[in-house]
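The values are calculated or read from the model by the stated rules, or taken from the named source; none is laboratory data. Everything numeric in this text was worked out from a predicted model, so none of it was measured. Heads up, the Cβs are rebuilt from the backbone with ideal geometry, glycines too, and the neighbour counts pull from every protein chain shown. Remember, those area values only see protein heavy atoms, side chains included, never the ligands or the DNA or RNA. Shrake-Rupley method; radii C 1.70, N 1.55, O 1.52, S 1.80 Å.
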Number of protein chains: 2
Amino acid sequence: MAVTTNTTRPGGRSARVRAAVHRAVEELLAENPAEAVTLPLIATRAGVHPTTVYRRWGSLADLLNDVATSRFSGDIVVPDTGDLREDLERWAIAVATDLADPDVLALMRATLGACPEGGSACVTDRHAQLEAMLERERARGGAAPGVEAAADALLGPLYYRAVFTGQVVEPDWVRGLVRALLT
Amino acid sequence: MAVTTNTTRPGGRSARVRAAVHRAVEELLAENPAEAVTLPLIATRAGVHPTTVYRRWGSLADLLNDVATSRFSGDIVVPDTGDLREDLERWAIAVATDLADPDVLALMRATLGACPEGGSACVTDRHAQLEAMLERERARGGAAPGVEAAADALLGPLYYRAVFTGQVVEPDWVRGLVRALLT
């Protein structure tokens, strides 16, 4: 394998382009109505050629899907207190706090608006986190609801309020959701 | 008041334009990705001048908000069986059926994507319908949960699944949500 030190490193450059484009999407959505955020505008903000963006992501919908998948993965630490109720309360309050950020909501709304699979990009990792906490309780020998029932009871109202009603969410209300799920 | 029979009737024409534009929005969103549905395209499909659309609605976001408010109002009949559980089950299954329609979801997603108040356009009438059923139970002397708790428990999971997970919803699952709310 002939590798010279002058070889550009596609992985490195590629990762930098991706980070710049992702940042541009989040910034522009925070500043503008979604309909004003176009691929050429994103390319300009990211300092890359529009062709690069088109070639890599294909469409605005695919780009938003990629940004949302990345933004909503691994961003919330899964608590491990040894107590399921405590874990779920801390985690659900962290999710609620994230959803209270207008920039997060702007990215989520734009992703939902642009692509039919956008919703899944926003919640797949949340389901994995929930499953991890429930599974740990079962491994301790405790009883835990199924992940779908838990998602319905916790993520359902949390996302519904964030996206549809805009109600401000209080920690006590979030604890009430956990209580209703576990009793 | 000098009224001649030749006077154009602005209310009549205005209502026809509104209906044609609303229909054009729903049709185009059912056929195209949301990002392809623009005001000029809507005007062409509705057979009206783009200026008419711009003057009346101002922006695509405002137009989508208007279409969603109209589409999600009065479309579901509120049951009145004399039994709260039965009413809620029938109504929640009707909401679930509506949300299973891909064209309804396309309109909802586009509205969420285009305008920050889009969520409210999709659910304000649902809250009013829920409140009507709960209020009727109270008027009969029965106990009923508050409308917010009912919305969290029923609309939360229903809209969450429709928008975020795309899971197919079964009537038995919907009845389970009502049971969990009322016990």
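So, B:Ala114, is that one more than 13 Å from chain A (Cβ to nearest Cβ) and at negative phi or not? Judged against the criteria, B:Ala114 is not a match. In region B:143-183, which residue that is outside any helix (DSSP H, G or I) and free of Cβ contacts under 8 Å to residues at least 24 places away in the same chain is most open to solvent (accessible area, probe 1.4 Å)? Checked region B:143-183; the qualifying residue most open to solvent (accessible area, probe 1.4 Å) is B:Thr183. Being within 23 Å of B:Val168 (Cα to Cα), among the basic types (Lys, Arg) and modelled with pLDDT of 95 or more holds for only one residue in A:Arg90, A:Arg126, and it is A:Arg126.
Wholly within region B:20-92, which helices (runs of 4 or more DSSP H) include no fewer than the required count, namely at least 3 residues that are open to solvent by 70 Å² or more (accessible area, probe 1.4 Å) and touching a Phe, Trp or Tyr at 6+ places or on another chain (Cβ under 6 Å)?
Values: elements: B:39-46, B:50-57, B:60-71.
Fully inside region B:20-92 and qualifying: nothing.
Consider A:Asp98 carefully, then state whether it is assigned to a helix (DSSP H, G or I), within 13 Å of another protein chain (Cβ to nearest Cβ), under 14 Å from the mean Cα position of the chain (by Cα) and of a type in the set (D, E, K, R). Spelling it out, it is not the case that A:Asp98 is assigned to a helix (DSSP H, G or I), within 13 Å of another protein chain (Cβ to nearest Cβ), under 14 Å from the mean Cα position of the chain (by Cα) and of a type in the set (D, E, K, R).
Apart from one condition, B:Trp57 fits all of (1) within 14 Å of chain A (Cβ to nearest Cβ); (2) in contact (Cβ under 8 Å) with a residue 40 or more places away in the chain; the exception is (2).
Does A:Asp98 satisfy being loosely packed, with under 15 Cβ neighbours inside 10 Å and either within 28 Å of A:Glu27 (Cα to Cα) or of a type outside the set (Gly, Ala, Ser) (or both)?
Working: loosely packed, with under 15 Cβ neighbours inside 10 Å: no; either within 28 Å of A:Glu27 (Cα to Cα) or of a type outside the set (Gly, Ala, Ser) (or both): yes.
No.
Taking the condition open to solvent by 80 Å² or more (accessible area, probe 1.4 Å), out of contact with any helix residue (DSSP H, G or I) (no Cβ under 8 Å at 6 or more places or on another chain) and closer than 22 Å to A:Val147 by Cα, does A:Arg16 pass? Give the steps one after another, and end with the answer.
Values: open to solvent by 80 Å² or more (accessible area, probe 1.4 Å): yes; out of contact with any helix residue (DSSP H, G or I) (no Cβ under 8 Å at 6 or more places or on another chain): yes; closer than 22 Å to A:Val147 by Cα: no.
Criteria not met by A:Arg16.
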